[in-house]
Amino acid sequence: MPTVRKIWKFVSSMRFAIILLAALAAACSVASLVTQGQDYAWYAQRYSDRTAALILALGLDDAFHSGWFILINGFLCLNLLLCSVSRLPRLIERTRAEADPKAALRGEGGVRAEGVADPKAAFARLRMGKPVETATEDGRRALFASKNRIGLWGAWVCHVGILLLIAGFSLGQATQKQYAVYGAPGQAKAIGDTGYVLAIDDFRIALREDDTVEQYTADITVTGPDGRSEGAEISVNNPAALFGMKFYQNSTGWAATVRVAEGGEPLQEAILCAGEYLRVADKPDLVIDFNAFYPDYVQSAGSMPATATGQLNNPAYLYSVYYLEQMIGMNVLMEGEKLTIDDYTVTFSEPQPYTLIQIKADRFTGLALLGGLITTLGLLLAFYVQPAKAWAVQEADGRWTLRGESRKGGALFREAFLRAAGAEKDKS
Amino acid sequence: MLQAENTLFTIVMLIYFAAMILYFAFIAARREGVAKAAVALQAAGFLLHTAALVCRGIGAGRLPLTNQYEFATSFAWGLCLVSLAFIFRYKFTVLGAFAAPVVFLIIGYAAMQSKEVRELMPALRSNWLGFHVSTAIIAYGAFGVSFVLSVIFLLRDRMKASGFLDQHIPDREKLDVISYRSVSLGLLFLTFTIVTGAIWAERAWGSYWSWDPKETWSLVTWIVYAAYLHLRIRRGWEGRAAAVFAAVGFLCVMFTYIGVNTFLPGVHSYA
Ligand code: HEM
């Protein structure tokens, strides 16, 4: 056999499929043992310098996007594609042959029972449906029935589904865009570089009687570059699709209104989420950083600030102040307290939850879902729609020789067949 | 309701234990009557177990499928369901004798978990999650049965032929097909589990597959059983090799179930 043909045969073979599946299983299990996405220092501290170097050299720090992982999957797709293409003609031929009485009568395969009095009743016992009347080549009466031929397609449908699934997933990974926007009600922010603006109209936290969170809900409005806008209510497990992007209520934190006054006169006011900072309007080198918020502040000597509950019983704000990039102070400010820096006074007030909204655009999610559903359908066909056929030939004594075949049914089909044939043997 | 569940759970555990002893007695004494009693007892235990799960569901006001205790007791229930189905469908009582200790082990594991009913965080309040976990229970139950069948297959190979063996344990070929049936049931339901899990993750977290260790290990399990299906149709690999493979598959199932939560980090670790 020429080398090219040999390679083609191997690449489209089931043996190669098994090797690839084994490689994929091994790759996934090894990768799951290594915490993903860390850097050299992290691995070196966790394991050893040598192991860390090995992890990075093998790409195990980001195994599921590494060259070798993609290579295995690429070969798997090639394997599935070639196998699906090359098996298609044979599959069509087999589906045709499965319903062909002549082919069955000519063949020698299958289980066999002789001396059957009433073959039609045996067919009924096997739930083979109504047999067709036909004749052997030498002119004897014959009956034939086949069922569940569509089941022959199970494996093929499953394989095509897997191909679509991998295609949808890979295309999605390669092209998807993700953004995150957070803010308190009343704020509007740009969604990355898309040109769209996300306004948070309202944000609610529903609590149960025991103070655990039942649901987070945000009302949002998205406005496009052309001024058109669409609104939606989103909550955890209930995202909304607007302008081809999907919006997810992801998490929450605290925001507060920060007011700066100069010489007693209001200078500026802004809503800051914990973690954000503000530059003083007429003195940009002076920066107020809102580090953290404690809704129910407790301070025990020497320990870090903490909150006793999630309730707004004793709000406190941790801030730090920078001037010319140098920290000049850090402390906790209670509600109503004033921070004084030279001529400026700063207050924190009106604490409110802000929402973190995740935005995702993946045009291939539908393809992956379709692939998953087709895979499932293929498995259903392969496992639960088992093709079978049965045929009978009348012998000289008027009794019938019954034969049947079901490749998938194996020993179970043979047993059911012999039981059905046996039951129709003794009657006359 | 939760009190009733507690009582029922204890009774169910005792019944499963008694059924296991009866099954052993059947094998030791080789008496048909004992076998019938064992199956009847297991079926009774199963009905009470169902009642216990219903009580917990009503008591907690949701599907009882969200923490380690609930999943463990449901797993035992699923294994009991699938093994009873196979016992009746294939008239294969000895299967019960090998399944009973596994059911008892799993329900014993459940008994060691905290039974506290906790409110669900918002991400867990989803119908998709209900489908996700209930299909997982059937998948795990079916894989448990395929594991038991593999053990029977491998033991049968080592035992000398005897009347009892031939009467109560199907021949190699038939065992192989029954094992194939259990793996295919499991794989179909594992596929449902993964697909519904992906749909839920997409709605809850915005990403339907993120290579979290539990996801990765369910994929490994899926691949191992897919490999089993392919090996089985290759000449020379059916029978013994396939049985060993199906047993390895179940080790993957158990690792996905218990090992991942214990040894590896991930979003599923609250489950
Ligand atoms: C990677 C490339 C793969 C190739 C080349 C391949 C090839 C094959 C072949 C040649 C068959 C025999 C079909 C028949 O006898 O009708 C088969 C059956 C099957 N394959 Fe694959 N396969 C691959 C991957 C997979 C994967 C990942 C799955 C996942 C579950 C899968 C599921 C099945 C099923 C369910 C059957 C039918 C088995 C049965 O009904 O006993 N295949 N495959």
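Odds and ends about this structure:
- Residues that are under 30 Å from A:T376 (Cα atoms), more than 14 Å from chain B (Cβ to nearest Cβ), in a loop (DSSP other than H, G, I, E, B) and within 16 Å of the ligand (Cβ to nearest atom) occur at least once in the range A:147-155.
- Scope the range B:181-221; condition under 16 Å from B:S146 (Cβ atoms) and either at the interface with chain A (Cβ under 7 Å from one of its Cβ atoms) or touching an Asp or Glu at 6+ places or on another chain (Cβ under 8 Å) (or both); matching residues: B:S184, B:L187, B:L188, B:T191
- B:V224, sole failed condition from (1) without any contact (Cβ under 8 Å) to a residue 12 or more places away in the chain; (2) within 21 Å of A:G372 (Cβ to Cβ): (1)
Here's the yes/no breakdown for (1) over 30 Å from A:Y216 (Cα atoms); (2) more than 14 Å from every other protein chain (Cβ to nearest Cβ); (3) surrounded by 17 or more Cβ atoms within 10 Å (Cβ to Cβ); (4) not hydrophobic (A, V, I, L, M, F, W, C):
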| position | (1), (2), (3), (4) |
| --- | --- |
| A:L278 | no, yes, yes, no |
| A:A281 | yes, yes, no, no |
| A:F293 | no, yes, yes, no |
| A:S303 | yes, yes, no, yes |
| A:G310 | no, no, no, yes |
| A:K338 | yes, yes, no, yes |
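- Remark: B:T196 falls outside the filter, which requires a residue to be outside the structural domain of B:A29 (by TED's automatic domain parsing), within 30 Å of A:R363 (Cα to Cα) and within 14 Å of the ligand (Cβ to nearest atom).
- Residue in the range A:170-184 that is among the β-branched types (V, I, T), surrounded by fewer than 20 Cβ atoms within 10 Å (Cβ to Cβ) and without any contact (Cβ under 8 Å) to a residue 40 or more places away in the chain present: no
- For the range A:99-119, the set of residues classified as touching a strand residue (DSSP E or B) at 6+ places or on another chain (Cβ under 7 Å) and more than 20 Å from A:L412 (Cβ to Cβ) consists of A:A99, A:P101, A:A104, A:L105, A:E114, A:V116, A:P119, listed by residue number.
- Selection count where residues are in contact with a Phe, Trp or Tyr (Cβ under 7 Å, 6 or more places away or on another chain) and under 19 Å from A:A57 (Cβ atoms), scope the range A:20-31: 2
- Within the range A:342-395, tally of residues that are more than 16 Å from the ligand (Cβ to nearest atom) and farther than 30 Å from A:T257 by Cα: 15
- Among the helices (runs of 4 or more DSSP H) confined to the range B:154-242, the ones with at least 2 residues that are at pLDDT 90 or above and of a type in the set (S, T, Y) are located at B:172-205, B:213-232.
- Selection of the range A:192-220 for residues being among the polar types (S, T, N, Q) and touching a residue at least 24 places away in the same chain (Cβ under 8 Å) yields A:T194, A:T217.
- Matching residues in the range A:23-57 - criterion: being within 20 Å of A:G74 (Cα to Cα) and surrounded by 14 or more Cβ atoms within 10 Å (Cβ to Cβ): A:A23, A:L24, A:A25, A:A27, A:C28, A:S29, A:A31
- A:E209 away from the ligand (no atom under 16 Å from the Cβ) and in a loop (DSSP other than H, G, I, E, B): yes
- Wholly enclosed helices (runs of 4 or more DSSP H) of the range A:1-52 bearing at least 3 residues more than 12 Å from the ligand (Cβ to nearest atom) and of a type outside the set (A, V, I, L, M, F, W, C): A:3-11, A:40-46
- Flag if A:A167 is of a type in the set (G, A, S) and more than 15 Å from the ligand (Cβ to nearest atom): no
- Of the residues A:A218, A:A142, the single one that is within 13 Å of chain B (Cβ to nearest Cβ), at pLDDT 90 or above, away from the ligand (no atom under 16 Å from the Cβ) and over 30 Å from B:T191 (Cα atoms) is A:A218.
The values are calculated or read from the model by the stated rules, or taken from the named source; none is laboratory data. Since we're looking at a predicted model, the values are computed, not measured. Here the Cβ is made from the backbone with ideal geometry for all residues, glycine too, and neighbour counts use every protein chain on show.
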